[in-house]
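**Q** Before we start, here is the structure in question, set down as structure tokens.
The values are calculated or read from the model by the stated rules, or taken from the named source; none is laboratory data. Only a predicted model underlies this, so the values are computations on that prediction, with no experimental measurement involved. Positions of Cβ are generated from backbone atoms using ideal geometry, with glycine treated the same way; all protein chains shown enter the neighbour counts.
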Amino acid sequence: MLYITPVSERGGAEVVLLNILRHHDRARFTPIVCLLKAGPLSQDISALGIKWFSVSSGRFRNVFETVRAVREIRRIMRQYDVDLVFSNMAMGHLYGGLAVFGMPVKRVWFQHSISSGELIDRLAALIPADRLYTNSQASLRAIRHLHPNARGVQVIYPGTEIPHSVLPNERALIRRSLGVPEDALVVAMVGRFQRGKGQHVFIEAAKAVRRQRSEAYFLLVGGTQFSLEPEYKVELEDLVQRYRLSNAVVFAGWRNDVPGLLSAVDVLVHPAIAPEALGLVVVEALLQGKPVVVSRQGGLTEIVSEGETGFLVPPGDGAALASKILLLLSDEGLRKEMGERGRKLVLKRFTMSRMIEELEQSYVDILDGRLSAEDPQ
């Protein structure tokens with residue numbers, strides 16, 4: 001199984017890829033990986049004991065570089081007798097899908113974002129695939145809107161790891177490391193710093209919440225990634241200064257212990273204003289038994305049931321976000337009830353074992369020729 005990924009930093013699509021690689025049934029499948037850009041993802045893959053190759057793709061508009069990269073991928077396919085190529089995202093499918101032409105190899109494509117009609121998405125859709133996976137019904141609807149006649153599409157919700165049991169003093173230790181009082185009420189947001197993720201809306205809500213709950217603290221976990229919008233972090237820092245929230249908002253940076261970090265918070269928010277395909281951190285928070293407040297849009301509505309596992313608010317509405325945060329902070333019993341229901345939902349719909357089982361069964365059906373171009377039932 002040759003996995004092709006265009007990004008070598010750890011974003012949401014890459015985390016899903018790492019989970020697939022980590023939990024593969026190695027008795028049935030032998031994964032190898034092709035990275036189209038150099039980056040830290042190669043270290044994570046090496047740690048799993050999986051062979052990886054770096055094939056510099058350059059710019060897709062450069063015909064010479066594209067042909068050279070596709071030929072190198074074909075060489076790898078022949079050398080390792082590849083049976084199936086798995087392309088991560090549309091850019092991955094442009095290279096992986098082209099490399100398969102004329103070879104007795106199956107090809108699948110996993111789209112982790114909501115296709116917006118960009119050139120890359122339209123070009124990728126022209127290349128046949130034996131199966132197109134999406135990570136949510138929202139992503140599926142976007143594919144249908146962009147390509148009404150697309151066939152062979154299957155929704156596979158990403159799975160999440162079951163975290164270790166929280167140690168008795170872990171919550172206190174994490175809070176102490178962040179400079180947060182042990183008895184504070186903590187609201188967190190996790191994600192890369194881009195305007196579409198809505199960190200500025202989070203800070204607007206923090207300002208309103210602090211007027212009524214001076215003991216509340218706010219964690220911004222993440223940072224600039226993929227060299228996108230580097231100025232946005234400066235804007236957020238300026239906003240915190242202007243609202244005089246420096247003693248209440250903590251910029252925690254990138255963390256490798258997000259599940260553990262979530263155990264130390266009371267509420268997670270995800271106020272995305274750009275279309276969101278899913279939101280893995282929301283799933284992780286629910287698994288930790290934490291209530292959530294998220295934007296009413298995209299795949300977020302497939303995770304959060306209004307009033308059951310959390311609250312849905314209009315995208316970009318800081319006042320509505322603050323109102324729901326205040327409601328949760330004022331009612332510990334409500335937080336606990338929502339958290340328990342959220343954990344049950346995740347254990348039913350978003351487990352790692354379920355994702356791997358669905359994906360590997362799809363591989364077997366494709367390789368055995370049992371899947372037609374029709375969408376699976």
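**Q** Name every residue in region 207-237 that is buried (at least 16 other Cβ atoms within 10 Å of the Cβ) and of a type in the set (Phe, Trp, Tyr), in order of residue number.
**A** Those that are buried (at least 16 other Cβ atoms within 10 Å of the Cβ) and of a type in the set (Phe, Trp, Tyr): TYR217, PHE218, TYR232.
**Q** If you go through region 159-166 one residue at a time, do you hit one that is at pLDDT 90 or above and either under 30 Å from ALA264 (Cα atoms) or in the same structural domain as GLY342 (by TED's automatic domain parsing) (or both)? Can you show your working first?
**A** Within region 159-166, the subset at pLDDT 90 or above is 159-160.
Still in the list and also either under 30 Å from ALA264 (Cα atoms) or in the same structural domain as GLY342 (by TED's automatic domain parsing) (or both): 159-160.
Yes: one or more hits.
**Q** Let me ask another. Only one of these conditions is not met by ILE356: (1) crowded, with 18+ Cβ neighbours inside 10 Å; (2) out of contact with any helix residue (DSSP H, G or I) (no Cβ under 6 Å at 6 or more places or on another chain); (3) over 25 Å from GLY198 (Cα atoms). Which number is it?
**A** In the conditions (1) crowded, with 18+ Cβ neighbours inside 10 Å; (2) out of contact with any helix residue (DSSP H, G or I) (no Cβ under 6 Å at 6 or more places or on another chain); (3) over 25 Å from GLY198 (Cα atoms), ILE356 misses (2) alone.
**Q** In region 305-324, what residues are in contact with a Pro (Cβ under 8 Å, 6 or more places away or on another chain) and among the hydroxyl-bearing types (Ser, Thr, Tyr)?
**A** THR309, the sole residue that qualifies.
**Q** Something else about it: Which of the residues that make up region 54-95 are charged (D, E, K, R) and assigned to a loop (DSSP other than H, G, I, E, B)? It would help to see each step written out before you state the result.
**A** Looking only at region 54-95, we keep the residues that are charged (D, E, K, R), and these are 59, 61, 65, 68, 71-72, 74-75, 78, 81, 83.
Hits for region 54-95 are ARG59, ARG61, ASP81, ASP83.
**Q** Something else about it: It is to be established whether one or more residues within region 324-336 are surrounded by fewer than 17 Cβ atoms within 10 Å (Cβ to Cβ), among the hydrophobic types (A, V, I, L, M, F, W, C), out of contact with any Lys or Arg (no Cβ under 8 Å at 6 or more places or on another chain) and in contact (Cβ under 8 Å) with a residue 40 or more places away in the chain. If you could, list the steps in order and put the result at the bottom.
**A** Step one: filter region 324-336 for residues surrounded by fewer than 17 Cβ atoms within 10 Å (Cβ to Cβ), giving 327, 330-334, 336.
The next check asks that each one be among the hydrophobic types (A, V, I, L, M, F, W, C); those that pass are 327, 334.
Add one more test, that the residue is out of contact with any Lys or Arg (no Cβ under 8 Å at 6 or more places or on another chain), and what stays is 327, 334.
Subset that is in contact (Cβ under 8 Å) with a residue 40 or more places away in the chain: 334.
Within region 324-336, one or more residues are surrounded by fewer than 17 Cβ atoms within 10 Å (Cβ to Cβ), among the hydrophobic types (A, V, I, L, M, F, W, C), out of contact with any Lys or Arg (no Cβ under 8 Å at 6 or more places or on another chain) and in contact (Cβ under 8 Å) with a residue 40 or more places away in the chain.
**Q** Residues of region 102-127 being exposed (fewer than 15 other Cβ atoms within 10 Å of the Cβ), assigned to a loop (DSSP other than H, G, I, E, B) and not acidic (Asp, Glu), which ones? Can you show your working first?
**A** Step one: list which residues in region 102-127 are exposed (fewer than 15 other Cβ atoms within 10 Å of the Cβ), which gives 102-104, 116-119, 122, 126.
Within this subset, residues satisfying the condition of being assigned to a loop (DSSP other than H, G, I, E, B) are 102-104, 116-118, 126.
Hits for region 102-127 are GLY102, MET103, PRO104, SER116, GLY117, LEU126.
**Q** Within region 268-287, is there a residue that is under 24 Å from ALA208 (Cβ atoms), crowded, with 24+ Cβ neighbours inside 10 Å and among the charged types (D, E, K, R)?
**A** yes
**Q** Taking region 223-254, which residues are assigned to a loop (DSSP other than H, G, I, E, B) and in contact (Cβ under 8 Å) with a residue 40 or more places away in the chain?
**A** Answer for region 223-254, where residues must be assigned to a loop (DSSP other than H, G, I, E, B) and in contact (Cβ under 8 Å) with a residue 40 or more places away in the chain: GLN225, PHE226, TYR243, LEU245, ALA248.
**Q** List pairs: first residue in region 337-365 and free of Cβ contacts under 8 Å to residues at least 60 places away in the same chain, second residue assigned to a helix (DSSP H, G or I) anywhere in the structure, Cβ distance under 7 angstrom, at least six positions apart or on different chains.
**A** Matching pairs, first to second residue: GLY342/LEU286; ARG343/LEU286; ARG343/LEU287; LEU345/LEU286.
**Q** Identify, by number, the condition in (1) under 27 Å from THR160 (Cα atoms); (2) surrounded by fewer than 23 Cβ atoms within 10 Å (Cβ to Cβ); (3) at pLDDT 95 or above that VAL240 doesn't meet.
**A** Unmet for VAL240, out of (1) under 27 Å from THR160 (Cα atoms); (2) surrounded by fewer than 23 Cβ atoms within 10 Å (Cβ to Cβ); (3) at pLDDT 95 or above: (1).
**Q** Check ARG107, ARG74 and return the single one that is at pLDDT 95 or above and closer than 27 Å to GLY299 by Cβ. Even if it seems obvious, please write down each step before you answer.
**A** On the way: ARG74 fails: closer than 27 Å to GLY299 by Cβ.
Of the residues listed, the single one that is at pLDDT 95 or above and closer than 27 Å to GLY299 by Cβ is ARG107.
Each row is one residue, and each column tells you yes or no for (1) surrounded by fewer than 21 Cβ atoms within 10 Å (Cβ to Cβ); (2) modelled with pLDDT under 90; (3) assigned to a loop (DSSP other than H, G, I, E, B).
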site	(1), (2), (3)
ALA129	no, no, yes
LEU132	no, no, no
SER139	no, no, no
ARG144	yes, yes, no
ASP183	yes, no, yes
MET189	no, no, no
GLY196	yes, no, no
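**Q** Does region 163-172 contain any residue that is in contact (Cβ under 8 Å) with a residue 40 or more places away in the chain, more than 28 Å from ARG22 (Cβ to Cβ) and not in a helix (DSSP H, G or I)?
**A** No, because not a single residue in region 163-172 is in contact (Cβ under 8 Å) with a residue 40 or more places away in the chain, more than 28 Å from ARG22 (Cβ to Cβ) and not in a helix (DSSP H, G or I).
**Q** So for region 21-44 (the condition being among the β-branched types (Val, Ile, Thr) and part of a helix (DSSP H, G or I)), does at least one residue qualify? Spell out how you get there, then give the answer.
**A** Our first condition is that a residue be among the β-branched types (Val, Ile, Thr); within region 21-44, this holds for 30, 32-33.
Remaining after also requiring part of a helix (DSSP H, G or I): none.
Within region 21-44 (the criterion being among the β-branched types (Val, Ile, Thr) and part of a helix (DSSP H, G or I)), the answer is no, since none of the residues qualifies.
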